[in-house]
Every structure is written in C-alpha cells, then in structure tokens.
Amino acid sequence: MPVELPANIVLSPPGSSFLDALTPDLTALDERLRRAIDRLRRTQPDNDSPAHRGLVIDEDNVDAWLTNLGVAGAGESQGDTLPVGLPGNEGGRLRALGDLFGLGYFERALLLTVLAPEVDVAYANLYAYAQDDVTCKYATLALVASLWGDGTADRIIARDMLDPTALLRRHLLVSIDDSLENPTSLLSRPLLLDGRIASFLLGSIAPDQALAEAVTTVMPGERQGGLVGQVLSDNQMRSLAELAFSVISASASAANSPNRQEPPAANAPANRQGLVVWMRGPERQSKRLIAAQLASALDRPLLIVDTPMLTATAGDPRKRLYRVLREARLQGALLFWADADALLSRREDTGADSMSLLAQLLVSSPACSLFDIRTALPLHMAAGPLSIELDFPAPSNAPRQALWERALGGATRLAADVDLPLLTGAFRLTGEQIEAAARTARQTAIWRAASSRNSDDLQITMRDLLMACRSHSNQGLGMLSKKIVPRYTWNDLVLPTDRLTQLREMTHHIRYAPIVFEQWGFDRKLSGGKGLNVLFAGPPGTGKTMAAEVLATDLGLDLYKIDLSSIVSKYIGETEKNLENIFKEGGTSNAILFFDEADSLFGKRSQVKDSHDRYANIEISYLLQRMEEYDGIVILATNLRRNLDDAFIRRLHGAIEFPMPEEPDRLEIWRRTFPPEAPLDPNADLQFLANKFKLSGGNIKNIVLEAAFFAAESGTDITMTHLVRATRREHQKIGKLITASDFGPYASLLAKEEIGG
C-alpha cells in the first residue's frame with residue numbers, strides 16, 4: 001500500500017560522479033603530501049650514491065609522481081587547515097561516510113590517506129618516500145599524524161582513533177595489520193581499509209560480499225510474491241510508515257544539519273535513535289511483505305537477513321552483526337531479520353546470545369530493524385531505539401480456506417475426495433506453508449501421472465494434500481518424541497458400539513471446530529485453549545494406542561508418542577522446560593500428542609511433606625495450566641485411571657474406558673487380526689479360542705503373529721496346531737496358569753513335552 005510522505009527531507013546522502021566528487025579531498029591529500037616531501041628534502045642530505053640504487057626512491061620520480069597528481073608547483077600553502085570532506089562537497093562519498101558514522105576530521109583524513117593507493121599506485125610510492133622507507137608503501141598512523149596533524153598531541157589523537165572501541169574499528173571501517181613477524185609500534189603498523197568501505201568511497205553500489213550468503217537486497221518497488229494471511233490494515237500501515245519516516249528523517253537531519261560545526265570526537269557515539277519492530281507470530285511471509293511495503297513507501301532498499309545462516313557463520317558474532325548494521329547504513333536500507341529466534345542461541349565461548357549482542361549494538365544505531373519472531377518478545381531494551389510490537393497470528397479458518405482455494409487454483413484438477421474444510425480445520429498452516437503444501441501436492445500428482453502415463457492420474461487427491469500438509473508442518477517434535485506411522489483404520493478397531501461412537505465424536509471436534517469457534521462465536525466465550533484433550537483408560541492391550549492411530553489416520557495428522565523418560569528429570573525445573581518444548585513444538589506441528597502411561601506424569605498431587613513433594617506438585621500444576629492453553633490434540637493413555645489427578649479429569653473434553661473384550665468382540669478381533677493375504681486354514685476354530693480364552697486385543701495380536709511364524713517355519717498354512725501352541729506361549733509369557741485340559745478337544749495338538757506341563 002503506497003504511503004504519501006513529505007518530500008522535504010533527504011533520507012540518504014546523494015551520490016553522483018563519485019570519482020569527481022572525491023577529487024577535492026584527494027587534492028587536499030596531494031597538497032599535504034607535497035608539503036611533507038618538501039620538509040623531508042630540506043632536512044635530509046642528498047644521497048645519490050650508486051651503492052643505494054634500488055634502495056632509495058629517485059627524486060626525479062618523486063617530482064614526476066607529484067606532477068601527475070596535479071599538485072606539484074601549486075604554489076604556497078593556503079594555510080594549515082585543509083578540511084577533508086569539504087562542506088561544499090555535498091556529493092562526496094567521504095563526506096557521506098563521515099556523516100553516516102559521525103566521523104571527525106582526523107578520522108576522515110585517515111580514511112582518505114588509506115584509500116588513496118586504491119585510486120593511484122603513485123600514492124604508495126610517495127608514502128614510502130614520505131616515511132623514508134622504500135618498503136613502507138602503505139599508510140600508517142605516523143604518516144597520518146605527520147600529514148594532517150602537528151606534533152606529539154596529534155599522534156596521541158591518532159592512536160586513540162584506532163582504539164577497538166572507537167568509531168573506525170568498532171564499525172569495521174579500518175583495521176590494523178597484525179600479521180608482521182616482528183611487531184612494531186602501533187604508529188608504524190600498516191592500516192587496512194575494509195574492502196566494502198573502499199568500494200563505497202569509490203562509488204560502488206555492490207553490497208558487502210562477506211554477507212552475500214546471509215543477506216539479500218530487495219529494491220524499492222520490487223514485487224514480493226507468495227500467499228499471505230495476516231496483513232496490516234491501511235491505517236496501521238500508514239502509521240508504521242509515518243513513524244519509521246519520522247525516526248529515520250530525524251537521524252538524517254541530525255547528520256546533515258547545516259548548523260553542525262564539526263563532526264563528533266572519535267569516541268563520541270552518534271546521537272541518533274533507531275526503530276525496532278517486533279513482528280510476532282507464525283505468518284512469516286506476511287511479515288516479509290509488510291517489511292517490503294514499508295521499505296518501498298520510504299523509497300529505501302530492504303535487507304533481508306537469513307538469521308540462522310548468519311549465526312551459523314564462523315567468526316566473531318559481534319563483527320557479523322556490525323557488518324549487517326553497517327551495510328544498512330551504507331545503503332540507507334531497512335533491515336528484516338528473518339527467523340530472528342535463531343539469535344537466541346547461546347555461544348559457549350561468550351556465554352551470551354546474539355540477540356543480547358545485537359541489542360547492545362542497536363542502542364546507538366539509527367537502523368530501522370524488523371524482527372521476525374515466533375512467540376514471546378526476546379528482550380526489552382530499556383534504552384536506545386524506539387520499540388513497537390505487531391502480531392501476525394496464523395490465519396483463522398475462513399482466510400485459511402481462501403488461501404487453499406487460491407493455492408490450488410490453476411490447471412491441475414482436484415479429485416472428488418478432496419475435503420478443504422477438513423484441511424483447514426485439521427492443519428493450522430500459514431500462508432507460506434499452504435503455498436508450499438499445494439506445490440508439493442501438485443508435483444506429486446504430476447509425477448504420478450508421468451509414471452503411469454495416464455492423464456487421468458493428473459489430479460490432486462486428498463492423500464496428496466494430507467501428505468504435503470504433514471511434510472510442511474513443523475518437524476521439531478521428532479527430536480522430543482517418537483513418531484508413529486498410523487496404519488490402523490476404523491475397520492481394524494473392535495470396541496463396544498458406544499465407545500466407537502465416542503471416538504467418532506472426537507473427530508467432529510476437529511472437523512467442525514471452525515464453525516463452532518469462529519462462525520458461531522464460541523471462541524469469545526473461552527479463555528483457555530481450543531484444543532482437544534481426551535483420556536483413554538483401560539487394561540494393557542485393549543486398543544488405546546490403536547485408537548490413537550485410527551484418529552490420526554482419519555484426520556490425516558501425524559501421531560507423536562511422548563517418551564516420558566526423556567521428559568522427567570530429577571533436576572528442579574527441567575521437567576517443566578522439557579514439557580514446554582513439547583507443547584511449543586506441538587503447537588506448530590499439526591500433530592496429535594500421545595502420552596502413554598500418563599499416570600506416571602499426570603499423577604495425583606500429594607500432601608507436601610518435603611521439598612520433593614512441593615516440586616512434584618508444581619510440575620502437575622504446570623501441566624494443568626499448559627494443557628488448558630494448548631490448541632492441539634492431546635491424548636492421555638493410562639492403565640489406572642484412579643491414579644490421575646482429579647483436576648486433569650475435569651479439564652478433559654472426553655474420557656473413554658477401554659474394557660477387556662467380551663466373547664463376540666474377541667471373535668471379531670481374532671478374525672480382523674489376520675490379513676487377507678495370510679494363509680489361514682479354514683478349519684481353524686477361532687470361535688473356540690474366543691470363547692475359551694479371555695484375552696485382550698494385544699494378546700490376541702501376539703498369538704496370531706507367533707502362530708504365523710510357526711506356520712512359516714513348517715511351510716504350511718496357519719492351522720489350529722500353530723494357534724494352540726502360540727496361545728500356550730502367550731499365557732506363559734504373561735504368567736497365567738494354563739494346562740492341556742484348557743484346550744479341550746485340541747489338547748492333542750500340543751507337543752508331547754508341553755502336555756506334561
């Protein structure tokens with residue numbers, strides 16, 4: 001959205017005919033060199049001995065170089081004050097650089113002296129002559145002090161300019177060459193001009209190559225594509241642009257004020273205030289679009305920083321951050337720190353995170369920085385830049401469905417089974433994720449059609465979309481839990497009718513949540529989370545895990561089984577931290593969290609007798625709070641419901657008891673456990689097994705699998721003999737007494753050594 005802004009303030013230093021604009025400054029340097037060489041000639045005796053040929057610089061050559069520079073014979077000096085970055089030289093890059101970083105007279109003179117050999121190699125030869133050392137073809141502090149200063153006091157000032165905390169080195173404009181084998185005095189060490197600064201002074205617009213992999217430049221008006229969800233209103237955008245304009249223009253006015261007599265001293269910080277915009281929420285693509293629109297409204301470039309890439313780069317983190325802030329000043333650009341949460345990772349060598357380092361740098365920086373963060377504000381800066389917060393939540397159901405319709409538009413057909421309401425209800429994706437998922441599903445359909453050579457396959461199916469949604473959801477849970485690949489469907493699950501009805505009702509909570517919460521307004525009546533918390537209780541092997549898989553299959557969601565051993569810690573506060581990480585990752589994973597044997601973690605609070613009881617109760621209270629806030633699906637499974645704290649039961653949306661199966665259900669489990677491909681003997685008496693042995697579904701599954709291995713070993717179909725042997729083995733494993741008589745007419749099928757047992 002274009003924003004009309006006043007045009008009476010120049011936001012960035014002008015630049016035209018850069019080399020011509022640098023000429024007045026080089027002329028001042030030439031005059032200083034001529035006078036220094038004249039003084040040297042008057043004080044040094046002539047030495048034209050052939051023995052020194054090659055070790056000295058020929059006087060005629062010196063005169064020739066001075067002549068070529070255009071200052072030899074220019075007449076007497078017009079005074080001792082030859083300003084660098086002349087006030088009338090408004091287009092000069094040296095003047096602009098000084099204004100950008102608040103450099104003083106000596107600092108500009110030093111930069112000019114170090115820069116000159118980049119313009120003409122004759123300067124290097126003249127430096128060697130002026131320093132009475134044929135090998136010293138570079139600028140030193142001693143040379144700068146002799147050319148631009150007067151006496152010992154100026155040499156001390158020159159030393160102060162190269163203090164690590166002073167402007168020149170703090171902003172990485174100049175460095176000192178410490179590679180000499182025999183270190184010399186600081187005054188005589190080579191001065192090195194940063195490559196990016198040299199390029200800037202010579203008129204280049206190329207960005208810093210040291211940041212090429214981590215920083216991308218977007219020019220004003222450059223179109224930003226992609227689907228976006230949450231965007232700012234016109235009024236919000238205008239207010240943000242006007243605020244940024246006022247901050248930036250105030251900084252530019254302070255730097256370019258005609259009433260400023262002299263730049264600040266070497267160690268004086270520039271008195272400028274920047275702007276920090278915290279863009280909080282998952283809608284990253286919307287944030288980038290807003291940042292680009294803001295930069296275009298201000299007619300400025302936008303530097304997009306790949307923060308994880310920047311922080312992963314080797315080297316001093318402070319210098320990397322300085323380079324980014326310096327580049328923003330040089331280009332007059334706004335900064336967008338993409339995925340800025342990466343700045344919070346701590347470094348072992350410093351003990352500080354990059355965000356804290358950056359906060360220190362932003363205190364005295366005029367930059368306009370926009371930070372893409374996921375949840376909480378990383379830090380509060382008591383001093384320094386103006387700071388504001390903007391929320392970019394994931395789109396609600398209606399915008400999300402509209403994004404899906406836009407993303408799936410085009411030539412590719414949709415299969416009849418595509419259920420967009422289910423996609424929008426089950427997967428809380430951002431515009432960027434929806435765009436990526438639609439692209440992945442489309443590519444899957446194209447590959448399937450190409451592989452089958454059947455054009456009818458060129459259509460996106462619901463399976464394609466579900467797989468794409470899962471792959472583009474956050475995968476961070478994989479490091480904190482075990483991912484279960486759901487294989488069971490409703491046809492595999494055997495439960496009493498009322499229990500199956502309860503399970504199907506739970507899927508309705510996901511399918512119809514957008515209607516109930518958004519269209520019917522129930523979200524305004526609920527202060528807690530709008531997720532689904534359910535309890536599966538019952539003896540082992542009664543189908544609790546299978547039911548969780550069935551729900552995941554039906555909804556097309558991933559299922560993660562939480563490993564309690566990796567959560568519970570003996571150290572105070574660690575358990576809560578681990579749980580916070582799980583719920584935080586789960587909130588963006590679009591997955592079902594399955595806590596098996598939940599009574600070990602969600603147990604009853606006890607009377608406080610010692611500190612252990614107190615902290616155990618704190619853990620339970622934290623879980624209660626976190627479950628209420630969670631918007632996803634949480635399934636708690638327990639063998640002993642009575643061991644759970646009553647407060648958990650009260651906060652659950654549903655609780656299903658999984659009973660031991662009765663005879664009709666056991667028979668159905670026996671039948672459904674055999675795959676259609678399994679060679680089951682028609683004479684296998686499953687009715688007898690279901691009637692005689694009161695087993696859970698898990699036990700029956702084990703028996704069927706063991707019998708299959710017995711049959712494979714013998715090379716026959718799965719017969720009653722194999723089933724009888726496997727049933728006996730399962731009872732032995734679980735510690736239940738069983739005799740040959742329990743098998744009735746099939747006792748003879750047991751091996752002879754087993755009958756006696």
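The residue of segment 15-60 that is modelled with the highest pLDDT, among those that are of a type in the set (S, T, Y) and part of a helix (DSSP H, G or I), is T27. Counting only residues that are in a helix (DSSP H, G or I) and either within 18 Å of A591 (Cβ to Cβ) or within 33 Å of the chain's Cα centre (by Cα) (or both), segment 464-502 holds 12 of them. Being open to solvent by 10 Å² or more (accessible area, probe 1.4 Å) and outside any helix (DSSP H, G or I) is a description that does not apply to Y129.
Listed here are the residues, each with its yes/no results for (1) under 23 Å from S239 (Cβ atoms); (2) open to solvent by less than 10 Å² (accessible area, probe 1.4 Å).
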position: L302; (1), (2): yes, yes
position: A328; (1), (2): yes, yes
position: W337; (1), (2): yes, yes
position: D341; (1), (2): no, no
position: M355; (1), (2): no, yes
position: S364; (1), (2): no, no
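Residues that are in a helix (DSSP H, G or I), of a type outside the set (A, V, I, L, M, F, W, C) and open to solvent by less than 50 Å² (accessible area, probe 1.4 Å) within segment 402-429 comprise T424, G425, listed in sequence order. Flag: R672 does not match the condition of being out of contact with any Leu (no Cβ under 7 Å at 6 or more places or on another chain), open to solvent by 40 Å² or more (accessible area, probe 1.4 Å), at pLDDT below 90 and not in a loop (DSSP other than H, G, I, E, B).
Which one is most open to solvent (accessible area, probe 1.4 Å), of the residues in segment 528-552 that are in a loop (DSSP other than H, G, I, E, B) and within 19 Å of R428 (Cα to Cα)? If we take residues in segment 528-552 being in a loop (DSSP other than H, G, I, E, B) and within 19 Å of R428 (Cα to Cα), then K530 is most open to solvent (accessible area, probe 1.4 Å). Of the candidates R729, R725, R666, the single residue that is under 18 Å from T542 (Cβ atoms) and either in a helix (DSSP H, G or I) or open to solvent by less than 70 Å² (accessible area, probe 1.4 Å) (or both) is R666. Scanning segment 452-462 for any residue that is touching a Leu at 6+ places or on another chain (Cβ under 7 Å) and either among the β-branched types (V, I, T) or open to solvent by 10 Å² or more (accessible area, probe 1.4 Å) (or both) turns up at least one such residue. Of the residues screened, A436 is one that is within 30 Å of M237 (Cβ to Cβ) and within 23 Å of the chain's Cα centre (by Cα). The C-beta contact set for segment 387-401 (first residue modelled with pLDDT under 85 and of a type in the set (S, T, Y), second residue surrounded by fewer than 18 Cβ atoms within 10 Å (Cβ to Cβ) and in a strand (DSSP E or B), distance under 7 angstrom, 6+ apart or interchain) is empty. For segment 503-527, filtering for residues that are open to solvent by 60 Å² or more (accessible area, probe 1.4 Å) and of a type outside the set (A, V, I, L, M, F, W, C) leaves 10. Against the numbered list (1) modelled with pLDDT under 85; (2) touching a strand residue (DSSP E or B) at 6+ places or on another chain (Cβ under 6 Å), G476 comes up short only at (2).
Of the residues contained in segment 430-451, none is found to be open to solvent by 60 Å² or more (accessible area, probe 1.4 Å) and part of a loop (DSSP other than H, G, I, E, B). For segment 685-708, what are the residues that are over 18 Å from K544 (Cα atoms), in a helix (DSSP H, G or I) and open to solvent by less than 70 Å² (accessible area, probe 1.4 Å)? L686, F688, L689, A690, I703, V704, A707, A708 - these are the residues of segment 685-708 that are over 18 Å from K544 (Cα atoms), in a helix (DSSP H, G or I) and open to solvent by less than 70 Å² (accessible area, probe 1.4 Å).
Number of residues in segment 132-169 that are outside any helix (DSSP H, G or I), within 19 Å of L193 (Cβ to Cβ), out of contact with any Pro (no Cβ under 8 Å at 6 or more places or on another chain) and small (G, A, S) equals 1.
The values are calculated or read from the model by the stated rules, or taken from the named source; none is laboratory data. Worth saying up front: this structure is predicted, and the values here are computed from it rather than measured. In this analysis, Cβ positions are derived from the backbone assuming ideal geometry, glycine residues included, and neighbour counts consider all displayed protein chains. Note: areas computed on protein heavy atoms with side chains; ligands, DNA, RNA excluded. Shrake-Rupley method; radii C 1.70, N 1.55, O 1.52, S 1.80 Å.
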